[in-house]
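Quick notes on the structure that follows.
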Amino acid sequence: MHGFSSQITFARTFTKKRATKEIMRFEEAPYKELVSTVGQLPPETGGLLFGSRDDYVVKRFHYDTSGSRSGASYDPDPDVLNPIIQRIWEEEGLALIGWAHSHPRGVRRLSGDYGNGVGDLGYLRAIFNALPNLEKFLVPILYSTNNGKLEIMPYVAYRDNVKDYREAKLKIKHAPQKPAFAKKALDAKIDKSVNPQLIANTKIFAVGCGGANNIYENVFRLGLGHLSVMDFDTVDDSNLVTQGWYADQIGKPKVEALADTFSRLVPFKHDLKRRLTCLNEDFLALDDQTLIEQAGDADLLMFMTDNFWAQARGNRLALKLQKPAIFAMMYERAQCCEVSFIIPGVTPSCHRCAVSNRYKAYLEEGYENDVGSEGSLIFQTHLLNSIIGELALAILHRDLPEYEHGAWFDKNKGRNFLQTRLNPKYDDPYFTKIFGNEPRAVCFDSIWQNIEPECPPKYKSCPDCSGSGDLTKAVIDSTMVKLPQA
Ligand SMILES: [Zn+2]
Ligand SMILES: [Zn+2]
């Protein structure tokens, strides 16, 4: 009975030892050194691994230039290595814990024991004999990139039976990264104007990544929490002069070119994934369910496209989701630009109420846009972008009067349509009426118009917001704009 139970105990211990896979841990620097030497050179080179015999984490790699290399086998030379092992112990307090070397592809296992410490197992036996306190030894074998893919067999050998070495799991301990810059210092520069914490918690869903790309860039500089940006267009040659892209980005989807820029503005590279979603898709081709998933958790929607249909769908999407939204448009020859915005619960009218004449032209008179971005220089685009960026911040801070960008709309709830003259030659009776012509020359002036919600008797009811004066009451089924019934 006694003998039986002790047998069980033995069996359990044995099973446990076998079942737990050993982990071979490298710090990043010695791992990189190993890979850039032995991992690249022709096979049969090697080096020593150093660390503490308490945890066997490899902290130091010494590439061995001395081993006899016949091209078919590599045997370390103890006369050369022993003084090095001694020195590293004395100077750095690191003990010998392993030996890494490369094999020709196909020779996966350790070689045998050919006597006198020759052959991999022979060398291991010699090591265990020379170091009586050594219980295990790391003996990874590498296939180098010299003739194929890098492969590492992370073997661990044990004193009790060197032949019974096992394959461990390789883990690289990455050194903690240093941030590229201190976000705190950035926040301190802007925290009177905006609330950095609020911006860090803000999500924006944006359609259109052409001329507007630098709005996103600059909101990102402020520390924006997350941007989802949609555009199916790619960077072409002309975009370098009009939109501020670079030659090496030609042919790239614009949303991915934007990711390039963003990657240079994050403290850590891995932050980018968390803070940017690139949607290389056509806003007008997606179904409502997809859009609701993509934009549903945003704090602000931005429709930075001169496509009428995209803006029109955007207005309905914003009302359906009950989100603030901004719409922008450059006029002919970039002489003037417009920005409209809606904030459910604040602005009484919607984007459709603001530009109902445009809806009429497109929906009832078959108008097609022939303005486009022709003639817009980047200066004009950036002027418009700055206005959009300012309004975006003001919308986000609308309930925080203590900030410069707070409480902009308290006295101007109805003023959600803004036009800015970009050229003194722009001839528009509305600007003339307000600013006059003489004796001053007027340019870069803006009119922030009050927009009436469209409802009877003065107007037909706005098909998007109904013109009730309360956007929270808008009922939207499909976000697609319906053409009027014939
Ligand atoms: Zn070998
Ligand atoms: Zn409306």
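No lab work stands behind these numbers, since they all come straight from the coordinates. Note that the coordinates shown come from a computational prediction; the quantities given were computed from them, not determined experimentally. Here Cβ is always computed from backbone atoms with ideal geometry, including for glycine, and neighbour counts include all displayed protein chains.
Structure above, values below:
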| quantity | calculated |
| --- | --- |
| Residues whose placed amide H lies under 5 Å from that of Cys336, excluding near-sequence neighbours | Tyr331, Leu422 |
| Dimensions in Å of segment 116-220 - Rg and Dmax from alpha carbons | 27.6, 76 |
| HN-Hα J in Hz across segment 126-133 - Karplus 6.51, -1.76, 1.60, θ = phi - 60°, x for Gly and Pro | 4, 4, 4, 5, 6, 10, x, 8 |
| Those trypsin sites (Lys or Arg not before Pro) in segment 131-229 that DSSP places in a loop and that have at most 13 other beta carbons within 10 Å | Lys149, Lys192 |
| Full-extension gain in nm, Glu332 to Asn423, via 0.36 nm per residue minus C-alpha separation | 31.6 nm |
| Whole-Å distance, taken between Cα centres, linking segment 265-304 and segment 373-450 | 27 |
| Which of Thr420, Thr432, Thr305 has the fewest Cβ neighbours within 10 Å, and the rest in rising order | Thr432, Thr420, Thr305 |
| Charge tally in the Cβ shell below 9 Å around Phe431, where Lys, Arg are +1 and Asp, Glu are -1, Phe431 excluded | -1 |
| Nonlocal amide H pairs with Arg60, under 5 Å, H built at 1.01 Å | Phe50 |
| Amide H contacts under 5 Å for Leu170, placed H, 5+ residues apart | Met24 |
| Range in the chain, longest, excluding exposed GluC sites (Glu not before Pro) [loop by DSSP; at most 12 other beta-carbon atoms within 10 Å] | 136-364 |
| Candidate lysines for bridging to Lys21, where Cα separation is under 20 Å - those fewer than 8 sequence places away on the same chain excluded | Lys136, Lys163, Lys169, Lys171, Lys173 |
| Residue-wise HN-Hα coupling along segment 452-463, computed from phi with Karplus coefficients 6.51, -1.76, 1.60 (Hz; x: Gly, Pro) | 7, x, 8, 8, x, x, 5, 10, 6, 4, 4, x |
| In segment 403-486, the chymotrypsin sites (Phe, Trp or Tyr not before Pro) that fall in loop regions by DSSP, at most 15 other Cβ within 10 Å | Phe444, Tyr459 |
| Nearest 10 degrees, 0 to 90: helix 254-263 Cα axis against the chain principal axis | 60 |
| Restraint check, Lys192/Lys254; Lys252/Lys425; Lys413/Lys458; Lys189/Lys425; Lys273/Lys323, Cα-Cα greater than 29 Å | Lys192/Lys254; Lys252/Lys425; Lys189/Lys425 |
| As computed over the chain, the Cα convex hull volume per residue (Å³) | 271 |
| Sequence-separation-based contact order of the chain, relative, with Cα cut under 8 Å and 6+ spacing, percent | 11 |
| Rounded to whole Hz, the Karplus (6.51, -1.76, 1.60) HN-Hα couplings of segment 221-229, x for glycine and proline | 4, 6, x, 3, x, 7, 10, 9, 10 |
| Separation in nanometres of the label points that stand 7 Å from Cα toward Cβ, at Leu240 and Glu452 | 5.1 |
| Cβ-based exposure ranking for Ser228, Ser66, in which fewest neighbours within 10 Å come first | Ser66, Ser228 |
